[in-house]
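Here's the structure we're looking at; comments come further down.
No lab work stands behind these numbers, since they all come straight from the coordinates. Since the model is a prediction, treat every value here as computed from it, not as a measurement. Heads up, the Cβs are rebuilt from the backbone with ideal geometry, glycines too, and the neighbour counts pull from every protein chain shown.
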Amino acid sequence: EKSGYEHFMLKEIHEQPKVVRDTINSVLKDGNINFESLTDEEMQNIQQVYIIACGSAYHVGMAAQYVLEKLTSLSVRVELASEFRYREMQLAKNSLAIIISQSGETADSLAALRLCKEKGVKTLGIVNVVGSSIAREADNVFYTLAGPEISVATTKAYSCQLVAAYLLAMQFAKARGEITEERFAELIAEINTIPEKIEKILEDKERLQWFASKVVNIKDAFFIGRGIDYAIGMEGSLKLKEISYVHSEAYAAGELKHGPISLIEDGTVVFSVVTQSALYEKTISNMVEVKSRGAKLFGLTTYGNYNMEDVADFTVYIPKIDNLFAGSLAVIPLQLLSYYVSVGKGFDVDKPRNLAKSVTVE
Ligand code: M6R
């Protein structure tokens, strides 16, 4: 049931404020995070975290890595499930493997989970589908409450996975005594603002629709960003390729000059995600570099960073929020953008060619 929306993807994009709220509320009580899955003592003893996933869930892992590293002393590695399972990795003692999966049935993620268990590594699934294989086999489960996701391109499950990762990182920091009470309370207050801020961005979707109509015929695109913004760029880029069939590459902004910048020519579209204050100037200078080679720049930043308009040809602002959570807002315009490009090209948005909702083959 599309409830009046033209496609499931658009419906699911609009469900995000609610399902993100539900996922937060499922563990938040009186300013505390209640996990049944991992005890504080277990959290204190863990030293190494492996985050293992595929596709968009892997991009959540990339963002989660920055947040975990910022808030805790944990050592974190993010791994593609299809690579991890064939490596001969020495898995550290006292480690936790976090498997992120919407469907809970992705063959490589499931195989990676089994491998971790065989090697005696404790496992936690961040899973959306109740009773799925990963949910059943993981030692612990944190369920995202996105509800059924029909569109092949994930949106709402991705957003719920992101907040689940933030909550997990915050609780790790708290259990390990690595965060002050003030900062913890501040983050709780901030995380609670995500749903209403996503709502605000969605109210402005016509602007993105207009912009999408200008780029509907592009053949190539680049996404650049640093830190969390790089992780969000990866997701924006995947969305654009999978439903709009635009060849797109995401690069860590600092990597551009190590090769890909040679591809920039007059009119090449570069989407720049620039929400992280500490990295703002650095990414802006990368934008200037590609602009001087003819790139058309789309800038995605936070309200207040108005000098973005000096360099970008088109700027989209997201509401202010703690830097750690900015990805949850920045991804929304990118979802809308790929949606409108796909619609503009007349593609089957919910069922892109060659793709399945759940990848149960290896
Ligand atoms: O069900 P999973 O979260 O394990 O699926 C992982 C990927 O197949 C999935 O995120 C895929 O990349 C999506 N189509 C992206 O929109």
For segment 162-212 and segment 112-128, write down the distance between their C-alpha centroids in whole Å. 27 Å
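May I ask you to derive the relative contact order of the chain, considering only C-alpha pairs under 8 Å and at least 6 residues apart, and to give it as an integer percent?
Numbers: 697 pairs, mean separation 70.1, N = 362.
This gives 19 percent for the chain.
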Taking every alpha carbon pair in segment 215-276, what does the distance histogram look like in 5 angstrom bins from 0, in percent? 4, 20, 31, 24, 17, 4, 0
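Which values, in whole Å and largest first, are the semi-axes of the equivalent ellipsoid of segment 132-187 obtained as the square root of 5 times each eigenvalue of the Cα gyration tensor? Present the calculation step by step, with values, prior to reporting the outcome.
Values: eigenvalues 152, 49, 9 Å².
Result for segment 132-187: semi-axes of 28, 16, 7 Å.
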Go through segment 37-51 residue by residue and turn each phi into a ³J(HN,Hα) via Karplus (6.51, -1.76, 1.60, θ = phi - 60°); whole Hz please, and just put x for glycine and proline. 5, 10, 7, 4, 5, 4, 5, 5, 7, 6, 10, 10, 10, 10, 9
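If you take the alpha carbon radius of gyration of the chain and divide it by 2.2 N^0.38 Å, what ratio comes out, to two decimals? Write down the numbers at each step before the final one.
Working: Rg = 19.6 Å, N = 362, 2.2 N^0.38 = 20.6 Å.
Expressed relative to 2.2 N^0.38 Å, the Cα Rg reads 0.95.
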In segment 213-362, with Lys and Arg counted as +1 and Asp and Glu as -1 at Cβ, which of these residues, Gly304, Phe222, Ala278, has the Cα nearest the positive end of the dipole, that is, farthest along it? Phe222
Using alpha carbon coordinates only, what is the Rg to Rh ratio of segment 1-48, with Rh defined as the Kirkwood radius? 1.25
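Considering only the other residues whose Cβ falls under 12 Å of the Cβ of Ser248, what net charge follows from Lys and Arg at +1 and Asp and Glu at -1? Don't skip to the answer; put the middle values down first.
On the way: positive: Lys219, Lys239, Lys241; negative: Asp220, Glu235, Glu242, Glu249.
Residues close to Ser248 contribute a combined charge of -1.
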Calculated on alpha-carbon atoms, Rg and Dmax of segment 253-362 in Å: 16.2, 47
Diffusion constant of segment 52-156 at 25 °C, which comes from Stokes-Einstein with the Kirkwood Cα-pair radius and 0.890 mPa s, µm²/s: 176 µm²/s
Which shape class applies to segment 144-257: rounded if a/c is under 1.5, otherwise prolate when a/b exceeds b/c and oblate if not, where a ≥ b ≥ c are the square roots of the Cα gyration tensor eigenvalues? prolate
Select from Asp40, Asp139, Asp310 the residue whose mean-square fluctuation is largest in a Gaussian network model of the chain (Cα-Cα springs shorter than 10 Å). Asp310
